[in-house]
Amino acid sequence: MTVLRHEPVVESMSWASARSLAASSARPLRAAPVPLAEALGCRLAEPLTALVAVPGVDVSAMDGYAVAGAGPWRVAGRVLAGGACHGPALEPGEAVEIATGAPVPAGTSAVLPYEQAAAHPVWADPVRVDGPEAMRAGALWVDGPAEAGRHIRRRGEDIAEGAVVLGAGAVVTPVALGLAAALGHDELLVRPRPRVAVLVTGDEVVHEGIPAPGRVRDAIGPFLPGLVEWAGGRMAGTDRLPDGPGALRAALAATAVVDVVVVCGASSKGPADHLRAVLGDLGADVLVDGVAVRPGHPQLLARLPGGPLVVGLPGNPFAALAASLTLLAPILRELAGTAARKEMSALAGPVRTHPRNTRLVPVRRSSRGAVPVGHDRPGSLWGAALAEALAVVPAGWSGEQVELIELPPGG
């Protein structure tokens, strides 16, 4: 008589529990100072303050003439942005030609723009200017309407020194980088973006061209970098591995410098799925082993001893996307200190429910609610590519509002 041995049946973790456990397994990374060039996309770990006032001194807001007192004014020099300041204070009746952004001399009462200035090589009004001063060789005189204080940007007028301009937790955008630089910063104290290594497994997987019979084109590796960046992480690299425990064991053992390792394929229980055995050999603590969700049931979460978290994704592309949004995205958001936005919606269309498992259904938003787009089989990303979100349809759903999980947007 032949005796068949079966592994004990372990009930899969609920989708909500798996997602919550994934988030709680990660802790925000320790804040660290990084150069501005490396801070893009991170979150500030402390408020951003102005190390200098903006502007740093009183400057001209227009190209023209800095004038003192009432006109006409004799032009006594020139001041360019970035050039030397005009030395002596202006006396009443004096002016200097000045560029936008150049510091105004002491004694300046206004800036007269070129467009409003009348220039004369010699001022001939004996009532206003008399004697040899009027005939000084090479003298240039200007006149025009100059309202006191007009076209002068005072020191700190835009941003006072020491002012808080962005709060802790703000995302460092390209514009925020420019602001930080303008305020005198060379580096920022941020929550670093978690580093993610991707291992794509499978002898049947090809990475370019038309796959031969029995082969499949890798559809998971191409979408993961964008998803990782969207969720707050930073790609550390992608390795392609053949089937077999040896290559996978060596790759996992060499990932101590990253925060998360994503293994594509090898998370199920087929003859070529070695992830569980390899994790056991490495002494990993398995936190999630199967989730009651369709698609994406054979997903896995573990922690290597003293090392990174390991997220195991199924080999089917849509199942891998669902597992990424269940386990990987919450982990990356928690590590980066980024809160997830929760959205609820009615479903405006028929949905197939499952008696025991949560279903993740590709949908588009509409005024009537979330509309299923179809094409949602585990092996195809067609429906997800048409969708804006995945609707979380619980087991035995009876028409109540459901949560929508945002999908990574394009560009």
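The values are calculated or read from the model by the stated rules, or taken from the named source; none is laboratory data. Bear in mind that the values here come from a model prediction, so they are computed numbers and not experimental data. Neighbour counts are summed over all protein chains in view; Cβ atoms, including those assigned to glycine, are modelled from backbone coordinates with ideal geometry.
Quickly run through the stretch 276-295 and pick out the residues that are part of a strand (DSSP E or B), of a type in the set (A, V, I, L, M) and surrounded by fewer than 18 Cβ atoms within 10 Å (Cβ to Cβ).
Once the filter is applied, which keeps residues that are part of a strand (DSSP E or B), of a type in the set (A, V, I, L, M) and surrounded by fewer than 18 Cβ atoms within 10 Å (Cβ to Cβ), the stretch 276-295 yields only Val286.
Residue under question is Asp273, and the condition is that it be out of contact with any helix residue (DSSP H, G or I) (no Cβ under 6 Å at 6 or more places or on another chain) and surrounded by fewer than 18 Cβ atoms within 10 Å (Cβ to Cβ); does it hold?
no
Within the stretch 55-83, how many residues turn out to be under 40 Å from the mean Cα position of the chain (by Cα) and without any contact (Cβ under 8 Å) to a residue 60 or more places away in the chain?
Qualifying residue count, the stretch 55-83: 5.
When only residues in the stretch 327-357 that are part of a helix (DSSP H, G or I) and out of contact with any Leu (no Cβ under 8 Å at 6 or more places or on another chain) count, which is surrounded by the most Cβ atoms within 10 Å (Cβ to Cβ)?
Leu332
If I filter the stretch 204-231 down to residues being in contact (Cβ under 8 Å) with a residue 60 or more places away in the chain and assigned to a loop (DSSP other than H, G, I, E, B), which single residue comes out as surrounded by the fewest Cβ atoms within 10 Å (Cβ to Cβ)?
Looking at residues that are in contact (Cβ under 8 Å) with a residue 60 or more places away in the chain and assigned to a loop (DSSP other than H, G, I, E, B), I get Ala219.
Those residues that are of a type in the set (Val, Ile, Thr), under 19 Å from Pro317 (Cα atoms) and either surrounded by fewer than 21 Cβ atoms within 10 Å (Cβ to Cβ) or assigned by TED's automatic domain parsing to the domain that holds Asp218 (or both), I need them from the stretch 363-411; list them, please.
Val373, Ile405
Residues checked against (1) within 14 Å of Glu46 (Cβ to Cβ); (2) within 17 Å of the chain's Cα centre (by Cα):
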residue	(1), (2)
Arg154	no, no
Asp158	no, no
Val164	yes, no
Ala180	yes, yes
Leu183	yes, no
Val190	yes, yes
Arg193	no, yes
Val196	no, yes
Val200	no, no
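What residue, of Leu321, Leu360, is in contact with a strand residue (DSSP E or B) (Cβ under 9 Å, 6 or more places away or on another chain), assigned by TED's automatic domain parsing to the domain that holds Val373 and not in a loop (DSSP other than H, G, I, E, B)?
Leu360
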